[in-house]
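Reading through the structure tokens given below for one structure.
The values are calculated or read from the model by the stated rules, or taken from the named source; none is laboratory data. Note that this is a predicted model, so its numbers are computed, not measured. Note that each Cβ is placed from the backbone with ideal geometry, even for glycine, and that neighbours are counted across all protein chains shown.
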Amino acid sequence: MARDTGPQCKQCRREGQKLFLKGERCLTDKCGVERRSYPPGEHGRGRLKQSEYRVQLREKQKARRYYGVLEKQFRGYYAKASRQPGITGENLLALLECRLDNVLVRLGFAASRRQGRQLIRHGHWTVNGRRVNIPSYQVRPGDVIAIKATTPATQVVRDATELTGQIPAWLQADHESLTAKVLRKPERREVAAPVQEQLIVELYSK
């Protein structure tokens, strides 16, 4: 499984805002954006030319890093979204939101998407009673997500629930039993990602 192993705080600094890639650390003074609010690199404090292409590229990179998806996989999501009926940008965000690793974060069962991916890869979660170890698994309306009864990761998940804010309306969670249900597909107004999807569509449409 290909994955990004680079410094995560540098990714937030490159995009100029918190992407909450490191869970609880992003809420403390140790956050890279809080300590150094300029892009990384030798020319991070220099003046950058704001071209149309650069704005579109940065938006695509921001979305890719926010969801923890590599370039080839992100292109695949865009191709699939463009074939679906409706607005391509909204379809793209819906596909990314319905990834199992992202759903665990939205439910509060993981502090970050990287932690969610690790819990899934190690086989700690089931969907409709069957063990799923694929972080990119697409959940569907009616799916029931639950932690395995014998897993040693229960305390890790309970610690993550303490950081939980509001759960999206398209999901239902029970933090006592660590189970959840997907009620429906997410609508655009319910997607909390700091992304302007139209700029991504414009970039790929060239």
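Some points to look at:
- Taking the numbered list (1) in the same structural domain as Ser82 (by TED's automatic domain parsing); (2) surrounded by fewer than 17 Cβ atoms within 10 Å (Cβ to Cβ) in turn, Glu197 passes all entries but (2).
- When Asp159, Asp174, Asp143 are screened for being more than 30 Å from Ser82 (Cα to Cα), acidic (Asp, Glu) and in contact (Cβ under 8 Å) with a residue 12 or more places away in the chain, only Asp159 passes.
- Residue check, Glu97 within 30 Å of Arg58 (Cβ to Cβ), free of Cβ contacts under 8 Å to residues at least 40 places away in the same chain and in contact with a Pro (Cβ under 8 Å, 6 or more places away or on another chain): no
- If the condition is being of a type in the set (A, V, I, L, M, F, W, C), surrounded by fewer than 19 Cβ atoms within 10 Å (Cβ to Cβ) and outside any helix (DSSP H, G or I), then the stretch 51-82 contributes only Leu70.
- Scanning the stretch 105-130 for residues that are in a helix (DSSP H, G or I) and touching a residue at least 40 places away in the same chain (Cβ under 8 Å) yields Arg106, Leu107, Arg113, Arg114, Gln115, Arg117, Arg121.
- Considered as a group, the residues in the stretch 52-77 that are closer than 16 Å to Arg114 by Cβ and not aromatic (Phe, Trp, Tyr) include one that is modelled with the highest pLDDT, and that residue is Gln73.
- Taken residue by residue, the stretch 180-201 has at least one member that is over 28 Å from Lys60 (Cα atoms) and not charged (D, E, K, R).
- Residues within the stretch 151-183 that are of a type in the set (A, V, I, L, M) and touching a strand residue (DSSP E or B) at 6+ places or on another chain (Cβ under 7 Å), tallied: 8
- Top-ranked residue in the stretch 147-186 [being of a type in the set (Lys, Arg) and out of contact with any helix residue (DSSP H, G or I) (no Cβ under 7 Å at 6 or more places or on another chain); ranked as nearest to Val132 (Cα to Cα)]: Lys148
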